[in-house]
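Take a look at the structure set out below.
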Amino acid sequence: MKNTALTHIHKALGAKMVPFTGYNMPVQYEGVTSEHLAVRNSIGVFDVSHMGEFHLKGRNALALIQKVTSNDASKLYIGRIQYSCMPNADGGIVDDLLVYRLADDEYMLVVNASNMQKDWDWISQHNDLDVKMINSSDEMSLLAIQGPNAAKAMQSLTKVDLENMKYYTFEVGTFAGLDNIIISATGYTGSGGFEIYMKNDQAEAIWKAVFKAGAAYDIKPCGLAARDTLRLEMGFCLYGNDIDDTTSPIEAGLGWITKFTKDFVNSEELKAQKENGVSRKLVGFEMQERAIPRHDYPIVDEKGNNIGRVTSGTMSPSLEKGIGMGYVTKEFSKSETEIFIQIRKKTKIAKVVKLPFYKG
């Protein structure tokens, strides 16, 4: 089991630690609801150092990224970030990821911890372009500082203008007195904030500085459980739940990151899906009675016929009702459609809704 550079701090703070994708990670500190609401209302900090970072360098770096990802990375300028996915050859998804353009011929790919080796092998397999690939994952730490007060609270730590940083842009600068820190206006919560990339030996100093700067805003450390409820309220896909090797980006509602202005792995099949339609779609739904949907619960119609399955579900701390996402057959995918979630031997009414659940 790997530790992050901050594991000893999480333990000292009394975090409940769990094994997650090969890492010893904090799942919660005070509790999921209080951590969730800290991010929605003020500021919370996640150690997400388990995420993977690959650096791709060379004059063909963009060409390789264009080949393996679905979005159009040629639109990136230095300081810009893009959400994308890597389709596999069978209509599914290898992983979803962020693409950072660091320099003219240098990019950073941020991938899911659970897929790190798989992603590395997949990109390597397609690298017939002499692109230099560096797996920096074990040398880097990553903090997600999230919430509406993140910019105000952290401004004392940097000269980078945090308030005016545009979503999905980044700057490399000094943060908490340390140089060459990537300050990225991204996150997985829907409440704004930043992700800070640093070397492992800088992580503890930055963690301490962040909590000192955020003390006046009642800053809280947050675990993976709150990260999951926050992302679900926004309808953000989680790899392994809502998307995987068997789900296409078109089925998953990720057509907006699937650009057919270029050729990429399996682009012809995905283009045909977009033009001809798909037989199932990923939808969001809200429970209409007191119940909590969970991963893999069957979704049925009024007569009890199976029409799909739940991929993610929880009791929403912000909305105080059960919410979920799941794949259903096309005819049940329209907003306001009534569906039923099978919870053990009972069926509970739910309604398909437009995402996100949380409107802020």
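Data for the structure
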| quantity | calculated |
| --- | --- |
| Criterion violated by Glu268 - all others in (1) under 23 Å from Ala185 (Cβ atoms); (2) surrounded by fewer than 20 Cβ atoms within 10 Å (Cβ to Cβ); (3) not assigned by TED's automatic domain parsing to the domain that holds Ala151 satisfied | (1) |
| Breaking point among (1) touching a Phe, Trp or Tyr at 6+ places or on another chain (Cβ under 7 Å); (2) closer than 23 Å to Leu97 by Cβ; (3) crowded, with 21+ Cβ neighbours inside 10 Å, for Asn135 | (3) |
| Check on Gly193, at positive phi and exposed (fewer than 15 other Cβ atoms within 10 Å of the Cβ) | no |
| Unique match (being touching a strand residue (DSSP E or B) at 6+ places or on another chain (Cβ under 9 Å), in the same structural domain as Gly187 (by TED's automatic domain parsing) and either under 27 Å from Gln155 (Cα atoms) or touching a residue at least 12 places away in the same chain (Cβ under 8 Å) (or both)) among Gly58, Gly44 | Gly44 |
| Test result for Asp245, surrounded by 15 or more Cβ atoms within 10 Å (Cβ to Cβ), acidic (Asp, Glu) and assigned to a loop (DSSP other than H, G, I, E, B) | yes |
| Criterion: at negative phi, touching a residue at least 24 places away in the same chain (Cβ under 8 Å) and of a type in the set (Ser, Thr, Tyr) - qualifying residue of Thr33, Thr7 | Thr33 |
| Count of residues meeting criterion [among the hydrophobic types (A, V, I, L, M, F, W, C) and more than 19 Å from Phe260 (Cβ to Cβ)] in region 66-96 | 2 |
| Selected residue [of a type in the set (Gly, Ala, Ser), surrounded by 19 or more Cβ atoms within 10 Å (Cβ to Cβ) and within 16 Å of Leu224 (Cβ to Cβ)] from Ala5, Ala38 | Ala38 |
| Output for region 196-209, where each listed residue is crowded, with 19+ Cβ neighbours inside 10 Å and either among the small types (Gly, Ala, Ser) or farther than 15 Å from Ser141 by Cα (or both) | Ala203 |
| Index of the failed condition, Gly324 passing every other in (1) under 24 Å from Tyr188 (Cβ atoms); (2) over 23 Å from the mean Cα position of the chain (by Cα) | (2) |
| Region 85-131: number of residues that are acidic (Asp, Glu), surrounded by fewer than 19 Cβ atoms within 10 Å (Cβ to Cβ) and either in the same structural domain as Thr169 (by TED's automatic domain parsing) or touching a strand residue (DSSP E or B) at 6+ places or on another chain (Cβ under 9 Å) (or both) | 2 |
| Condition check for Arg80: modelled with pLDDT of 95 or more, more than 24 Å from Leu270 (Cα to Cα) and buried (at least 16 other Cβ atoms within 10 Å of the Cβ) | no |
| Filter result (surrounded by 17 or more Cβ atoms within 10 Å (Cβ to Cβ), within 22 Å of Leu98 (Cβ to Cβ) and either aromatic (Phe, Trp, Tyr) or in contact with a helix residue (DSSP H, G or I) (Cβ under 9 Å, 6 or more places away or on another chain) (or both)) within region 149-177 | Ala150, Met154, Leu162, Met165, Phe170, Phe175 |
| Within region 50-70, tally of residues that are surrounded by 18 or more Cβ atoms within 10 Å (Cβ to Cβ), more than 23 Å from the chain's Cα centre (by Cα) and within 23 Å of Ile182 (Cα to Cα) | 1 |
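The values are calculated or read from the model by the stated rules, or taken from the named source; none is laboratory data. What you see is a predicted model; the values in this text were computed from it and never measured. Please note: Cβ atoms are built from the backbone with ideal geometry, for glycine as well, and neighbour counts cover all protein chains shown.
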